1. Just give me the residues in segment 412-435 being surrounded by 18 or more Cβ atoms within 10 Å (Cβ to Cβ), within 16 Å of residue 397 (Cα to Cα) and either not polar (S, T, N, Q) or not assigned by TED's automatic domain parsing to the domain that holds residue 380 (or both), in sequence order.
2. Among the strands (runs of 3 or more DSSP E) confined wholly to segment 174-221, which include 2 or more residues that are over 27 Å from residue 322 (Cα atoms)?
3. I'd like the full set of residues that are closer than 19 Å to residue 50 by Cα and either small (Gly, Ala, Ser) or modelled with pLDDT under 90 (or both), limited to segment 170-200.
4. So, residue 206, is that one in contact with an Asp or Glu (Cβ under 8 Å, 6 or more places away or on another chain), on the phi > 0 side of the Ramachandran plot and not assigned by TED's automatic domain parsing to the domain that holds residue 33 or not?
5. Kindly provide the set of residues from segment 275-298 that are buried (at least 16 other Cβ atoms within 10 Å of the Cβ) and not β-branched (Val, Ile, Thr), ordered by number.
6. Identify the residue in segment 407-423 that is modelled with pLDDT of 80 or more and part of a strand (DSSP E or B) and, among all such residues, is nearest to residue 456 (Cα to Cα).
7. If residue 291 satisfies every condition in (1) among the hydrophobic types (A, V, I, L, M, F, W, C); (2) touching a strand residue (DSSP E or B) at 6+ places or on another chain (Cβ under 7 Å); (3) at pLDDT below 85 but one, which is the exception?
8. Restricting the search to segment 362-381, which residues are hydroxyl-bearing (Ser, Thr, Tyr) and modelled with pLDDT of 80 or more?
Amino acid sequence: MAFGRVGCLVCAALVCGAHLPAAAQGAKALGNLSEAIEDLSRRVSPAVVKVLVTAYGPADDDERGKTASFRRQHAIGSGVIVDPDGYIITNAHVVAGAQDVTVVLQSPAGANPVTATAHGRTLKATIAGVDRTRDIAVLKVDAKDLPTLPFGDYREVRQGQIVLAFGSPEGLDDTVTMGVVSSVARQPDPDQPMIYIQTDAAVNPGNSGGPLVDVEGRLIGINTFIVSESGGSQGTNFAIPSVIVQYVYREILLHGHVHRRVLGLNAQAVTEALAGGLGLPEGRGLIVADVVPGGPAAQTGVRIRDILLQLDGTPVNTLPEYQAALYRAPHGAAVTLDILRGSQKLSLKAPVAEEPTSQTDDLATLVDPKNSMVRRLGILGVEVSGKIAQMAGDLRIGSGVLVAAMAAESDLESGLQPGDVIHSLNGTPIETLAALRAALARLKSGDAVALHVERDGRLLYLGFDLE
């Protein structure tokens, strides 16, 4: 890992000040360190934005007993510009259910932060793509020649190195904090391969989506969540590594969504118990627990009980290491798997395949809260098109309005549930949102409503009085 200007200045200060008294040497070193951090902040801050979101988000789980309720919310997050033509990376949870997204740029370079009355431009943003699995979203603003941050190489990140976190904690924009890398590849959920960089840099709500940078000003992670009993920073911050961020960003630019890379195998960490029961030489590493029939790994000759050693020359002793190596593999290309089968070492070539996008993710991306809200029924609805019908399964009637979610601010007890498809209202066929709204507009408060809906392959009527 390059030591960087911050570290180099500290060393230079100590050498040049060798003839000074101890106190003066320390002051000189600290002064140079302070100046280096100030310079780094000046270079990084212009590429950091505040993200303002008006959204429909999930209500509290216990509110009205609903498990799929949405309410209007306002959220603040952070983001980082990675392309001068206006592409910005943030967290998917920052823009979840977004109705409007606005980004606030920092003050122009050279502006006095004490006397400035307003920050840089405020721009409307569109969502170019979202990957909820990895909690990454890409925004686009109509602007040119914006300041950017380069991606850093995750393989160069080391435990103990100095890092800085930028963002808008609690809405306080243009904030920077400093810490060290506590762990390079933390896996909070042992059953999930997602990995994070853990740092002790102070991060609070509002920092989500902001950059974690090294001493060279390179983007090495996106600050995503904290572990805290109080809700404030307790020195346990988790950032999505740059290798994952860059992978998701490129996929969204190319395809509008993420092609999930898979090899058609399920690997899991070897424990002492597994090693003892299976007679393995060591109680560590990754063992192939399943091979998908007909998948790339199966066609290549990978077998259950094989031990994974390397992927394209990169050691994969843990699930995070395996997942990170797979992110770097070009989509559609073949990768080399070095495996141990008994006492025999083998090298096999396996093509990287695309995992189908889940229907739940697809439906979530098609919901537009601004256009989908049907206030008199308290629902977010989606018109049943060919794609929606395919996601909804085998519909008895291939048209109607699908209930995607319930609005928490509605007190109407209609009996509707997420996943229902409305086919008629008081005998009037319903095929579009416009038709549903028009039918409701003809009714006044207290009128009786009979909805003919489809639920889990069955047709039924729901009757209630309109409020």
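The values are calculated or read from the model by the stated rules, or taken from the named source; none is laboratory data. Note that the structure is predicted; figures quoted are calculated from it, not measured. For neighbour counting, all protein chains shown are included, and Cβ atoms are generated from backbone atoms with ideal geometry for every residue, glycine included.
1. As a first pass, look at segment 412-435 and keep what is surrounded by 18 or more Cβ atoms within 10 Å (Cβ to Cβ): 412, 414, 416, 420-425, 430, 435.
Checking the rest, the ones that are also within 16 Å of residue 397 (Cα to Cα) come to 420-425, 430.
Matches in segment 412-435: 420, 421, 422, 423, 425, 430.
2. Values: elements: 175-186, 196-199, 211-213.
Per the criteria, 175-186.
3. The answer is 170, 171, 172, 173, 174.
4. Working: in contact with an Asp or Glu (Cβ under 8 Å, 6 or more places away or on another chain): yes; on the phi > 0 side of the Ramachandran plot: yes; not assigned by TED's automatic domain parsing to the domain that holds residue 33: yes.
The answer is yes for residue 206.
5. Residues satisfying the conditions are 275, 280, 285, 286, 295, 296, 297, 298.
6. Only one residue tops the list, namely 421.
7. Here residue 291 meets the rest and fails (3).
8. Step one: filter segment 362-381 for residues hydroxyl-bearing (Ser, Thr, Tyr), giving 365, 372.
Passing the criteria: only 372.
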